Amino acid sequence: MISLTLNENQYKAMIHQKGPMLVLSGPGSGKTTVITYRIKNLIEKFGVNPSDILVITFTKAASEEMKERFNDICNFSYNVTFGTFHSYFFRIIRDYYKYNLNDILDDSQKINIIKKIIINNNISFENEEEFIQSIICEISLMKNELINPIFFNSKCIDNNSFNLIFEQYEKVKYEQKKIDFDDMLIQCYNLLKENQIVRKAWSDKYKYILIDEFQDTNRVQYECIKMLANDEKNIFVVGDDDQSIYGFRGSRPEFLHKFYKDFENSKKIILNTNYRSTKQIINLCNKVITENKNRYEKNIIGTDKEYKAPILIRAYDSYEEAKKIVEKIDKLKKDYPLEEIAIIYRTNLQARVIVETLKDYNLEYQLKDKLTSIYDHFIAKDIMAYLKLSINKLDNEAFFRIANKPKRFLNKDMLKEALDICKDETSALEYLYCKVSLKPWQLENVNELLFHIGQIKNKNAYDAIRYIIKIVKYENYLEEYADFKNITTKGLIEILNEVLESAKGYNSIEEYLQHIEIINQEIFKNYKNTNNQKGVVLTTMHSAKGLEFEVVFVIGCVEGIIPHEKSKNHLEIEEERRLFYVALTRAKMLLYISIIENKYENKVLPSRFLNKLINIKR
């Protein structure tokens, strides 16, 4: 009776009883159905004790969904264990080391510790939040890859500074008797490796192990699973090497490839029927992913579902791109709920113009990622300070912010004196010029700033910011800042260009500043309302994994964005292609791929991933 709902390969996977099995599951191929029905089959047909079965997923939400799906197909409530890698490994070390939940550092505590270490050691950084997250990510990667710290090469800081931060972070945890989520994995690995009694006890506890999304496994997880599989090696893994997209945290398709070799006599099943997408979408996706060499060969096929061919959208820049997409969505909403329409992008920076355009069209949206407003970046705040000062010389806070950006050799004592005397009643800038004894070159610099402020005031927002960048020489300030911090200017200039782009179309500075205030409030409201399930879904390619939508727009498909400019070598480019593939395969009925001709007024080329997609409508 069960088999009637499954295709031939799903059925073969479902009835597998003993020994290792690798299930290669393409997009929309019903992997959750296979896993849940196999559990049911083990219990009801083969008489396996439910308490002998462990099902591992990568997130708590996925675990709860899997458990719910399993319970829905059963007439009885079976005592099967569902959990994540972290929850499973924590149970092992908790029993041995007597940990409790209070011993685990949460994300905010971890950030505060790293932040304090960085400040105490006078370590330079470009953007505090981004830098701290990069350090945390690299520490996690190093641990998950089982790399000795002395052999780890940091990409965000020099190795000596990285090792200093890592050593002090480990020391703080030791003193506070705390562990983090990565420690759960490392300590479990070391315990299993060194203690045969513990290893035997836990490998005997679960006689059947099923693992979902196995392509996301990192080295420490994979090595632990090899030790925990019992003598019969009843391990059943489901994954898709073509959807391995978390290399930055140690996940690589090679562990899925190694499975077949490390577990002798493994059986392999390919779930190659995509029930999600139309034939036209599937054909296009196949053309993209077959360019990768480091993969299992699969011939993904569809059902009889057919519809329109994927459509290519061409736009001059990101503004025209956003306008075309939002206008299309405004028409599509007659046939599709907004919640069934997704806009997928490579980086969060691309979301700004989409959010603002949706706001202009009064269309609801929901963010799947925390979207930090670009206007909260220090560069944006500096530019805003110039604009505010130009329309209100009494804005002494704005003056103080940019007084020496670029250098005008106005020392802090001089500025503090002016601010203390003027308060908000008179202009500290004009007071400095008239009242304080300035050196000739200082007087000339203040006079020049007053002139610039007057010039800025009479321009539209875009021209005003361009004036600040080029004539006031704020760009030079960023170059000096980058040199002082020993960082590259590339990321800074990209933020600066994004701020400049954001000012297009606003006739006055006041109108632009008001717009920024509204957008910041909108982003904060959307982020705060975590339960918002209404409106067009905005998501990065990474966060889109596991989701599906009737209509998908994949935007900014140009070189430097996808593949990302930071991806250089062959393996990195292959992961970028997998990321693009994941984005495309979210679409069920309609797929739009968008390219722009110009980014920050510079010509850009279509993504190399589009080279062989000859059947895209134009």
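So the values come out like this:
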| item | result |
| --- | --- |
| Computed lengthening from residue 397 to residue 334, 0.36 nm per intervening residue step minus Cα-Cα distance | 17.8 nm |
| Global geometry of the stretch 184-250, whether rounded, prolate or oblate, following the gyration tensor of its Cα atoms and the 1.5 cut on a/c | oblate |
| Lys/Arg +1, Asp/Glu -1 at C-beta; the stretch 152-244 dipole; positive extreme among 160, 221, 189 | 189 |
| Relative frequency of Cα-Cα separations exceeding 21 Å in the stretch 1-105, percent | 42 percent |
| Isotropic mean projected area of the C-alpha convex hull, the stretch 232-358 (nm²) | 11.2 nm² |
| Cβ-defined net charge surrounding residue 305, 10 Å radius [Lys, Arg +1; Asp, Glu -1] | +1 |
| Alpha-carbon centroids, the stretch 536-612 and the stretch 95-154: separation in whole Å | 30 Å |
| Label corresponding to P(r) over Cα pairs in 20 Å bins from 0, in percent when calculated from the structure given, among (i) 19, 48, 27, 5, 0; (ii) 17, 45, 30, 8, 1; (iii) 18, 52, 27, 2 | (ii) |
| Å² of accessible area per residue within the chain, as computed with a 1.4 Å probe and no ligands counted | 48 Å² |
| Potential lengthening between residue 511 and residue 612 on full extension [0.36 nm per residue; Cα-Cα distance subtracted] | 31.9 nm |
| Dipole magnitude (debye, nearest 20) for the chain, charges at Cβ of Lys, Arg, Asp, Glu | 1440 debye |
| Share, in percent, of DSSP beta bridges within the stretch 495-610 that are antiparallel, nearest 5 | 35 percent |
| Derived scalar couplings ³J(HN,Hα) [the stretch 602-611; Karplus, 6.51 cos²θ - 1.76 cosθ + 1.60; whole Hz; x for Gly, Pro] | 10, 5, 10, 9, x, 4, 4, 5, 8, 3 |
| Options 415, 236, 104, ranked by Cα towards positive dipole end of the chain, top entry (Cβ charges) | 236 |
| Relative contact order (%) - the chain, alpha-carbon pairs under 8 angstrom, separation at least six | 18 percent |
| Summed residue charge, Cβ within 10 Å of residue 352's Cβ, Lys/Arg positive, Asp/Glu negative | -3 |
| Estimated 222 nm signal from helices in the chain, with DSSP H stretches of n ≥ 4 weighted -39500 (n - 2.57), rounded to 500 | -15500 deg cm²/dmol |
| Percent of Cα-Cα distances greater than 20 Å, calculated over the stretch 125-192 | 29 percent |
| Selected from 278, 133, 348, residue furthest toward positive end of dipole (the chain; charges at beta carbon) | 278 |
| Neighbour net charge for residue 207 - beta-carbon separation under 11 angstrom, K R +1, D E -1 | -1 |
| Hz values of 3J(HN,Hα) by residue in the stretch 300-316 - Karplus curve (6.51, -1.76, 1.60), Gly and Pro given as x | 6, 10, x, 9, 8, 6, 10, 7, 6, 5, x, 10, 8, 9, 10, 9, 5 |
| Kirkwood Rh and Cα Rg combined as Rg over Rh, evaluated for the stretch 81-134 | 1.17 |
| Accessible surface of the chain, 1.4 Å probe, proportion on carbon and sulfur as whole % | 48 percent |
| Alpha-carbon centroids, the stretch 28-71 and the stretch 163-205: separation in whole Å | 28 Å |
| Check: the stretch 475-618 dipole with +1 on Lys, Arg Cβ and -1 on Asp, Glu Cβ, in debye | 960 debye |
| Residues with amide H under 5 Å from that of residue 366, placed H, sequence gap 5 or more | 536, 537, 538 |
| For residue 105, distant residues with modelled amide H under 5 Å away | 179, 180 |
| Cross-link pairs 40/268; 333/359; 143/233; 116/490; 328/359; 261/545 - those with Cα-Cα distance over 18 Å | 40/268; 143/233; 116/490; 261/545 |
| Inter-label distance for residue 194 and residue 497, nm, one decimal - labels placed 7 Å from Cα along Cα-to-Cβ | 5.1 nm |
| Student exercise, the stretch 368-462 dipole from Lys, Arg, Asp, Glu Cβ charges, in Debye to nearest 20 | 280 debye |
| 10 Å-binned pair-distance histogram of the stretch 360-487 (Cα, whole percent) | 11, 39, 31, 13, 5, 1 |
| Under-5 Å amide H pairs with residue 599, H placed in peptide plane, nonlocal only | 604 |
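The values are calculated or read from the model by the stated rules, or taken from the named source; none is laboratory data. On a predicted model such as this, the values are computed, not experimentally measured, just so you know. Every residue, glycine among them, receives a Cβ derived from its backbone with ideal geometry; neighbour counts consider all protein chains shown. Quick note on the areas: whole protein, heavy atoms, side chains included, nothing else; ligands and nucleic acids left out. Shrake-Rupley method; radii C 1.70, N 1.55, O 1.52, S 1.80 Å.
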